[in-house]
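Following: one structure in structure tokens, then a few remarks.
The values are calculated or read from the model by the stated rules, or taken from the named source; none is laboratory data. Fair warning: this is a prediction, and the values are worked out from it, not measured in the lab. Quick reminder, even Gly has a Cβ in these numbers, built from the backbone with ideal geometry, and neighbours come from all protein chains shown.
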Amino acid sequence: MRVAQLCLGGLEGWLMGLYYTIKVRRLKLVMGYTVLTLLMGVFIVGYFKFREYTDFKRILANFKAESRVAEVLVTESRLDEFTKNFVTTIKFLEYAVDERPLEPKYFTFRGNQIQFQSLVVRFADDYIEEGHRMKGKSVYLFLKAFVLDGANTQVFDITPTRGIPGGYEVGNVPRRMEQAIWNRFWAYALDPKARDRVGIKNAQLEAPGSVFVPGTIYTIKIEHDGGLRIDAEPIPHILKGERIMG
């Protein structure tokens, strides 16, 4: 009887030891999984923070452009027999800050004396307030094309305000981030009080014009100093009368 009790006591002790061993191992396993999960979480958060930073840098890299260029070609010009005014259709081809041609836009006007409005916004070099990463940056935009004619004035948007300008759009970045940056830009650029508060050096509008006629290529350039220049040169003779495939 005594031997049986001793055997049972030993078996009970062995079972308790096995129980605690399994419990400790399980605890270590749970702790290991917890640490691994935390490390993975830190890695994932760090990765997305780094990706967000690099995306932000890519967006701001476009704000270093020193000028913008567009080309204009008259694709149709006819005389309206009723009004005795020209009806002019132009092709407006803008180039992005990396010199890529954007999707062309076509505008038709009653008249041929056409003006283009540009906007240049410069952030001060010592800008250190809430948007300090914009310091020293500049934005050059073609805003509108229009023909002044009193109550019959025609205006076409080239770059809609509040949106992401085509020439500055960056591919492969979250749209919401890009839109958020441009929302802040437009809020600063269009509000004089906000401009003073956040350190915009100046926001300059220009709107020169020219008579646009067929057979001429017009180059419109926003200069470094904010001026808008329109240069004209004849279409090369080899292209006259030809329909170019492409």
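State whether one or more residues within region 226-235 are in a loop (DSSP other than H, G, I, E, B), of a type outside the set (D, E, K, R), at pLDDT 85 or above and within 19 Å of K91 (Cβ to Cβ). The answer is yes; a qualifying residue exists. Determine whether N183 is in a strand (DSSP E or B) and in contact (Cβ under 8 Å) with a residue 12 or more places away in the chain. Considered against the rule, which asks whether it is in a strand (DSSP E or B) and in contact (Cβ under 8 Å) with a residue 12 or more places away in the chain, N183 comes out as no. Taken over region 162-184, the residue count meeting the criterion of being touching a strand residue (DSSP E or B) at 6+ places or on another chain (Cβ under 8 Å) and either modelled with pLDDT under 80 or loosely packed, with under 13 Cβ neighbours inside 10 Å (or both) is 0. Apart from one condition, I158 fits all of (1) in contact with a Phe, Trp or Tyr (Cβ under 7 Å, 6 or more places away or on another chain); (2) free of Cβ contacts under 8 Å to residues at least 40 places away in the same chain; the exception is (2).
For region 77-96, does any single residue satisfy the condition of being in the same structural domain as R175 (by TED's automatic domain parsing), at pLDDT below 90, exposed (fewer than 15 other Cβ atoms within 10 Å of the Cβ) and closer than 24 Å to H224 by Cα? Taking every residue of region 77-96 in turn, none turns out to be in the same structural domain as R175 (by TED's automatic domain parsing), at pLDDT below 90, exposed (fewer than 15 other Cβ atoms within 10 Å of the Cβ) and closer than 24 Å to H224 by Cα.
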